[in-house]
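The values are calculated or read from the model by the stated rules, or taken from the named source; none is laboratory data. What you see is a predicted model, and the numbers here were worked out from it, not measured in a lab. Glycine also receives a Cβ, built like all others from the backbone with ideal geometry; neighbour counts cover every protein chain displayed.
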Amino acid sequence: MEISFYKLVKILASRLLSIIVISVLCGFAALAYTVAFVKPQYTSSVKLMVSQEGGNQSAQNISIMIRLVNSYIELLDSRDFYAEVANESRLNYSAGAIGRMISYTAKEDSEVFLATVTAANASDCQAVISSLMTCIPPRIESAFNKVTLKVVESPNVPAATSSQRVRNTILGTVAGALLACVIILMREFFDTRCKEPGDLTERYNLPILGTIPEIRTKKRKIVNAPTSADAKATEKEAVKEEKAE
C-alpha cells in the first residue's frame, strides 16, 4: 500500500498522545535504570595558565603562549606523564587508567587550559587531581625554557555529575518516540481495511458511485419467545377456566 508523506504525518499526528506516553515511559525507564545500575562519576577540575618567566606580558609573548597551549596539552597527554601521576597518587591504577580519567580543554584565545579528572569515587578523584597539580609544573617547565605555570582556579571538591542521568533520560525518551512511530506506521502499513471512501478509490482506481451512511437506531428490548412448557401450562389453565364455567 502506497503511503504519501502527508498521510504519514497525518497518521502520526492522530496518534500523538500514544507517542508522547510511550516516549515518557521509556525516558523514566532509562532514568530508573541509570539510578539503579549505573555508578555515578565524580569530577574535579583545575584551571592553569602558562606564562613567560620574568613577567613579560607583551602582546607578542601572549600570542606565542596562546599558540603553544595545545603543545603543552600534547606534552601532558603521554603515557610517561600518566605513569608519574599514578606513582604520585599512590593508587592502584595503571598509566592507561589514569590517562582515561584525565582530559584537557584549551580556552579559546587564551594561555589558560583546564585539566579535568573523572573517577568512580570522590577519594580517587581528589588524589588524582592533587597528583596532577604536583606533576604538571615541572613537566612543562622542564620542556620549555623560561616558562612558568600558575594556578588560576584551584580544583573544586569532587562532586557527582548528573550528565549520565540526563543523557540516558534523553536517549530513552528519543528511543521511545522512535519506537512508537515505527510501531504505529507498521500497523498502518499492514492494515488492509478500508476506513475512508478515498481508500477505495486509491486501491482500486475506480470512482465511487455512492455511499451508505451509518444509521444508528435505539436498542430494542428483546423478549424471549415462549417455550413449549410455557405453552402447555397456558393450555391447562385455559382448560380449567372452561370447566369452571
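Structure above, values below:
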read-out	value
Answer residue from segment 149-185, given it is buried (at least 16 other Cβ atoms within 10 Å of the Cβ) and modelled with pLDDT under 85 and is nearest to residue 135 (Cα to Cα) among those	149
Residue that is farthest from residue 5 (Cα to Cα) [pool: residues in segment 186-210 that are at pLDDT 75 or above, of a type in the set (A, V, I, L, M, F, W, C) and not in a helix (DSSP H, G or I)]	208
Count of residues meeting criterion [free of Cβ contacts under 8 Å to residues at least 12 places away in the same chain, in a helix (DSSP H, G or I) and polar (S, T, N, Q)] in segment 72-100	1
Filter result for the condition that a residue is hydroxyl-bearing (Ser, Thr, Tyr), surrounded by fewer than 18 Cβ atoms within 10 Å (Cβ to Cβ), modelled with pLDDT of 90 or more and part of a strand (DSSP E or B), over 103, 130	103
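Let's see how each residue does on (1) part of a loop (DSSP other than H, G, I, E, B); (2) over 17 Å from the mean Cα position of the chain (by Cα); (3) outside the structural domain of residue 100 (by TED's automatic domain parsing); (4) modelled with pLDDT of 90 or more:
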| residue | (1), (2), (3), (4) |
| --- | --- |
| 10 | no, yes, yes, no |
| 17 | no, yes, yes, yes |
| 21 | no, no, yes, yes |
| 28 | no, no, yes, yes |
| 51 | no, yes, no, no |
